[in-house]
Each structure stands twice: as structure tokens, then as C-alpha cells.
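First comes the structure, then the notes that go with it.
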Amino acid sequence: MKPFTQHDGLVAPMDRANVDTDLMIPKQFLKSIKRSGFGPNLFDELRYLDEGQPDADNSQRPLNPEFALNSARYEGASILLTRENFGCGSSREHAAWAMDDYGFRAVIAPSFADIFCSNALKNGLLPIVLSTAQVDALFVALYAEEGFSLRIDLQACTITLPNAEQWSFEVDAFRRDCLLSGLDDIGITLERSEAIRTFERQHQARFPWLFEDIVL
Amino acid sequence: MAKTLYDKLWDAHLVEQRDDGTALIYIDRHLLHEVTSPQAFEGLSLANRGLWRRSANLAVPDHNVSTLKSEREAGLAALPDPVSRLQLQTLDDNCDTFDVVEIPLNDERQGIVHVMGPEQGAVLPGMTIVCGDSHTSTHGAAGALAHGIGTSEVEHVLATQCLIQRKMQNFQVEVSGQLGPGVTAKDIALAVIGEIGTAGGTGYALEFTGSAIESLTMEGRMTLCNMAIEAGARCGLVAVDEVTLDYFREKPFAPKGAQWDAAEAWWRTLRTDKGAVFDRRIVIDGDLIAPHVTWGTSPEMVASIKGHVPRLADMPDETARVGLSRALDYMGLEEGMAISDIQPDVVFIGSCTNSRIEDLRSAAAILDGHRIAPTIRKALVVPGSGLVKAQAEAEGLDQIFLEAGMEWREPGCSMCLAMNADRLMPGERCASTSNRNFEGRQGSGGRTHLVSPAMAAAAAVAGRFVAVGEIMSDAGGAAR
């Protein structure tokens, strides 16, 4: 996982609540057996006027001029500002992969769905929870000012606005350490192999039926 | 100290609790399918890692399979879509390479992973169960701790048999009284989501309790826990009782003999202790729940069959007004219109929510002796597994569906997420027994109304949403 320490980025709006993972990456793209290449199809149904296909040349497709991410103003955005319950629905990690592949490093919202939040953190994409009032204020500032950017400092857990105002945010301590170091979970857990084996032996003694082989 | 059911399941699987609030939780059963596993197996290969415990894993293809008999019989090599074929082939190859047990495509036991698992006794009470699919919450119906995970977590479980978790909070949803005729577990789920919203359960384990829940069959409890994720909760739970034990007693992979006795003794303790404290609690009167229909693009946009689509003026704030306006526009509906004036073009009976035998029986009871309305362009019935299909055929349900003018398909996820060829055309309106009515979920531009199997069947006959009772009384007793 690529580490996340400090990030300066242009902010783009996704001004709706309950953005679901189907909207982030529609099902036809889930047929891929790869982790990469989903960026051009992020928000596919909002972004293009035709229906996307996994093997299509996306550069030839008609863009929806009304979709914010298609506007020149938000080109190169790496921070997404959105509303409540972002990432609800399906557990598809393809949604986090698509956000990452597009170039997003952080999402700011009043709340996130659990599974998406977990998937994002495992892919170096930082979900930042701010109050509804703060998110409202950011939307106002974002619409008012072209080139609206933020600095995110994960070490200090702060975001800095263009007017130098600083707001703090909270993030799970374990997840913050993982993001700062870029460490992968499996390596961390395997360091606890002995503890897992000890637990497993006791668990098997107590619930032997859980350890029977499945024979078709 | 008095514990909730969730507390008990958590404690029994806690490998270690860390100071930072995270914990390592041991996973008993890991279910896999073709869509969310290939990148996890690839990750293991790249890191030169193996499986921690091979026997914990069970795979089945379901999301992306064809539901057409001719295509199934022709086998994987003949599947027309090469991208789907590669994904299904990759599951087979990974299961071979890593020696994971896989129920193959044309095995009678194949089916939607959340139908197959309980049906085989591959999931059992007291287990921790994960799968790279958010509807893994289904298995909480067995008194098990079950939730969906992303692909990175699939890889983590394959490699370590554990998950890094934070303990959730406890949320009790008590449904008192008894459901009226024609009202089902699906209606409870939709009523709960209508009440607490799609983010109401975020961060919680939802335990469903109360007399209306105790009266549900295992199939009904699975429908309910399946939809816990649509309320934002990663897992739903129902305590173990005689209904649970009777369901699992003869399942193929359930323990036998003395092992069953030992298992039963532990399973009987899997209920919330008297005096245990929930962090949040709601009570819903089951007697008052009517059949529900979603009208919008989120499961919380739901009303009773006697209700109406909301009006813009009634929205509490601007975000809600914009949301409603966008949903009405997408769904092609007018504010304030009666739910019973909405006319579907397509009917889909299936999905991990509602494709079990009880679901098919309840739809067939409505359809018996009827034809679907001429305005219905397509009506699919997709059983949840080969065994459900065989049982339905033994009971003659397939004939009722076929005589009504519906298609009787092979098992798979089908039009619930429309990864395969079963999908809506732009603008088409579907009465669907699935779980999500998101924009484009059942096909780009498609419009989804979530309902129970009985309500989907009634809509198929009437050509519009109607209370189940209206069809049953028309039939003059034809509905069994």
C-alpha cells in the first residue's frame, strides 16, 4: 500500500447523499480479474452519456457535460467532497480501486458506510469525517472559488483551508499508523501467528465440528 | 455480566484485543465466489503466501453465471461473454491451485452463495462467517456472526484465518406482535429500513428479537438478516431456537451424533442474556406492518402499499429535497402519486434475499390459476440453488410459473445485480424481490421497486402494485 502522510490537492464535489458503490463502479466492470484500470469507469453512469462496457475505449465515449468531474475546473482533483453515507451498498473493493486509480487520495463526508471505509483505508485512500456544518461550509467555499484546494496532514490529523484555517479530524489509530507507514495488514497479522495458532488449538478442542473437512 | 448474542459470538472468537481498540477475530467459515476473489488469490501468489486453513474455505460460482438452461448445459467453455468466462474459469483455476473445495457450476448443490451455505450446513450457528459480498449478513439468521468483507480482507482471511476488527455496538430491533396475512420478513426489513434509514445501522450489529421474529421460519430470518446491510449494519442476528436447530439438524455438513449433541448444547446458549444492555433499541409493532414497496433509488425510499410517493414540500431540508427530486426524475414518478398506481414492466423473483423454497411457494400461491398481465414484458423466476429448483419442481411450482407466463431459470444472482445477461433496459420498471434499488443496479437506466415475492407475484398479475389480498380474493380460493 502506498503511504499517506501529507497531501495537497484540488477538491471536487459529489453533491449528493448515499452515493453507493454501484454508482461508483457499475457491475459490468466487476468481471475484471484485475485490481487496476478501473479509474476511467469511476462513476461511469454519471460521467458518460452512453453505457460503458469493460472493453470499450473510454476516450471515445461522449461525456456528460453536467457531471462535475468532467468540468475543466476539477481536472486533476484528488480530494472528493461529498454528503452522508458515502460508499453504501455492495462490498465491492473495486469502488475503492476505482477511486484510487482515478487519482483520489481522500474523501471528505459527514459519514461513510462501514465496508467502503474499511476498503478505502486498505488502499491508501483516506476517508475523512467532518461535521455536516463543516461539509456544508466546504461546499460553499468550493463552489465560490475556482481551484479550491486543501492540505491534509495525517500525522497531525488536520486539514488546512486556503485561508490557513485548520480543522482537525479523527481517524482510527491503527489505521492511521498503517497509512502513515504503508504497512499491509497481512504482514502485521502474520507476526501474531503464534497467538492465532494457540487460539486455534483451543477453539478446535472446544468446537471440533468446525474443523471437519468439507467433502463434496 | 449479562451479554448480548453479539457479545457472546465476539468473545468466543477473540484471538486478541489490542490497546488501540482493534482486535483479531478468528474466522470459522470463508465463502468465496468468482467476483471478489481473483485479486485476493493473485495477492497471495505475488506474496508467495499460502492458505492458513484450507478446510475453512468453500467456493461457488454465482454472481456472473448464465441462468439459461441451454447455456448452462453447454458448459463454461461455451459461455458467450469471454470476460465472464475468464472470471469463472479463474475461480476454478484458483480453487485447483489452492486446493479449495468448490461446488461446480452444474452441480445440483450450486447456487447463490448465501442460499447454498445454509442449505449445505456449511454455515452453522455460532460460527464466524465471512464472504466477499455484503449480503453475508444473511447467515446471522442462524445465530452466527456473519458479515461481508472487501477483497483485501478476503486475502487477509485466506492468509491468516483472522480479521482485524473493532467491536461494533449492539442494536436491538424488536418486532412485537404477529405479521398479518400476506406480510413477510421482506416487509419487516423494508419497514425497519424505512424507520432507521440506510445509515441507521452503521457501526452496529443488529439483533432482531420479539414475537414476530420468533414466528419466522429460517428462510424468513435469512431474508431479514440479508437486508441488515441495507440499513447500514454489517451484520444482522437472530437468536438460536428450535426453528434454528430443526433447520440445521439434517444438513449435509452439519455435525452428526455426539458432535451434534455438543454443538446443540453450545448453540442453545446463543441468545441475549436477560438484562443485557443494548446501545440502541427500537420497537416496531408487527401487527401494523403492511406490505412495502420501495419507490426511489435507496431502500429507505419506501412506503406501504396503501401509501404514496412523498411530496417535495414535505422534505425536511434542501439535501433531502434534491435527493427526492433526483430520485423521482430517475424513477419516472410524480410526487404524491399512489404506490398502487405504479406499473412495472418486468418482474424478477430471485436473489439471495428471496429465492428460497418458501419464497417460491409464496409467489406461486398468488400466481396459481392466473396469467401475468399483458403489460409485463418479462417475468423471471430464478431459484436460489439447484436444490431449491429441484424441490420447487417436485412441488409443481415451476408449472405454475410457466403457466402464468413466467420464465423458469437456472440458479444464480441474475437480475439482482445484472452482471450476466439478465438485466433491465433503460427506463424499464421492475418489481423485484432483490435488495437494492440503486440507480442502474439492475441495468443501466433500469428502475427497481423492492418487494416481497408475494407482492412481486401480485404485481405481475395485476400489472400494478396491489395488496396481496386483492389477488387472493379475486382468485376465489385458488391461492393455496
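Scanning the range A:15-36 for residues that are small (Gly, Ala, Ser) and at the interface with chain B (Cβ under 7 Å from one of its Cβ atoms) gives a single hit, A:17. Could you grab me the full set of residues in the range B:417-436 that are at pLDDT 95 or above and more than 10 Å from chain A (Cβ to nearest Cβ)? Listed by number, the residues that qualify are B:422, B:424, B:425, B:427, B:428, B:429, B:430, B:431, B:432, B:433, B:434. Please determine whether any residue of the range A:37-58 is in contact (Cβ under 8 Å) with a residue 24 or more places away in the chain, away from chain B (no Cβ under 13 Å) and surrounded by fewer than 18 Cβ atoms within 10 Å (Cβ to Cβ). Yes, the range A:37-58 has at least one match. List the strands (runs of 3 or more DSSP E) inside the range B:375-462, counting only whole elements, that have at least 3 residues being within 24 Å of residue B:301 (Cα to Cα) and in contact (Cβ under 8 Å) with a residue 60 or more places away in the chain. It comes to B:429-432, B:447-450. If you filter the range A:114-172 down to residues that are part of a helix (DSSP H, G or I), hydroxyl-bearing (Ser, Thr, Tyr) and within 24 Å of residue B:231 (Cβ to Cβ), you find that the one that is nearest to the other protein chains (Cβ to nearest Cβ) is A:118. When residue A:158 is tested against (1) in contact (Cβ under 8 Å) with a residue 40 or more places away in the chain; (2) surrounded by 13 or more Cβ atoms within 10 Å (Cβ to Cβ); (3) not aliphatic (A, V, I, L, M), exactly one condition is not met: (1). Taking residue B:296 as the residue in question, decide whether it is in a loop (DSSP other than H, G, I, E, B) and under 30 Å from residue B:443 (Cβ atoms). Yes, satisfied.
A single entry from B:65, B:100 fulfils the requirement of being more than 9 Å from every other protein chain (Cβ to nearest Cβ), within 19 Å of residue B:382 (Cα to Cα) and modelled with pLDDT of 95 or more: B:65.
Among residues of the range A:173-216 being closer than 30 Å to residue A:110 by Cβ and facing another protein chain (nearest Cβ under 7 Å), the one that is surrounded by the fewest Cβ atoms within 10 Å (Cβ to Cβ) is A:173. For the range A:126-148, residues that are buried (at least 20 other Cβ atoms within 10 Å of the Cβ) and out of contact with any Leu (no Cβ under 9 Å at 6 or more places or on another chain) total 1. Beta carbons closer than 6 Å, at least 6 apart along the sequence or on distinct chains, pair a first residue in the range B:282-301 that is under 19 Å from residue B:363 (Cα atoms) with a second that is assigned to a loop (DSSP other than H, G, I, E, B) and of a type in the set (Phe, Trp, Tyr) for B:293/B:465. Confirm whether residue B:57 is surrounded by fewer than 24 Cβ atoms within 10 Å (Cβ to Cβ), more than 8 Å from chain A (Cβ to nearest Cβ) and more than 22 Å from residue B:417 (Cα to Cα). It is false that residue B:57 is surrounded by fewer than 24 Cβ atoms within 10 Å (Cβ to Cβ), more than 8 Å from chain A (Cβ to nearest Cβ) and more than 22 Å from residue B:417 (Cα to Cα). The set of residues in the range B:231-272 being of a type in the set (Gly, Ala, Ser) and more than 13 Å from chain A (Cβ to nearest Cβ) consists of B:236, B:239.
Restricting attention to the range B:306-317, the residues that are touching a strand residue (DSSP E or B) at 6+ places or on another chain (Cβ under 9 Å) and farther than 22 Å from residue B:442 by Cα add up to 4. Of everything in the range B:121-146 that is at the interface with chain A (Cβ under 8 Å from one of its Cβ atoms) and not hydroxyl-bearing (Ser, Thr, Tyr), the residue that is surrounded by the fewest Cβ atoms within 10 Å (Cβ to Cβ) is B:126. Taking the range B:70-97 as the range and being more than 10 Å from chain A (Cβ to nearest Cβ) and either under 17 Å from residue B:419 (Cα atoms) or among the hydroxyl-bearing types (Ser, Thr, Tyr) (or both) as the test, the residues that pass are B:70, B:71, B:72, B:76, B:79, B:80, B:97.
Based on this model, can you work out whether residue A:151 counts as out of contact with any Lys or Arg (no Cβ under 8 Å at 6 or more places or on another chain), surrounded by 15 or more Cβ atoms within 10 Å (Cβ to Cβ) and not aliphatic (A, V, I, L, M)? Yes: the conditions hold for residue A:151. Counting the residues of the range B:21-46 that are facing chain A (nearest Cβ under 9 Å), closer than 21 Å to residue A:36 by Cβ and surrounded by fewer than 19 Cβ atoms within 10 Å (Cβ to Cβ) gives 1. Among the conditions (1) at pLDDT below 95; (2) within 9 Å of chain A (Cβ to nearest Cβ), the only one that residue B:106 does not satisfy is (2).
The values are calculated or read from the model by the stated rules, or taken from the named source; none is laboratory data. The shown structure was predicted, so the numbers you read here are calculated from the model rather than taken from an experiment. Cβ sites come from the backbone with ideal geometry, for glycine too, and all protein chains shown count toward neighbours.
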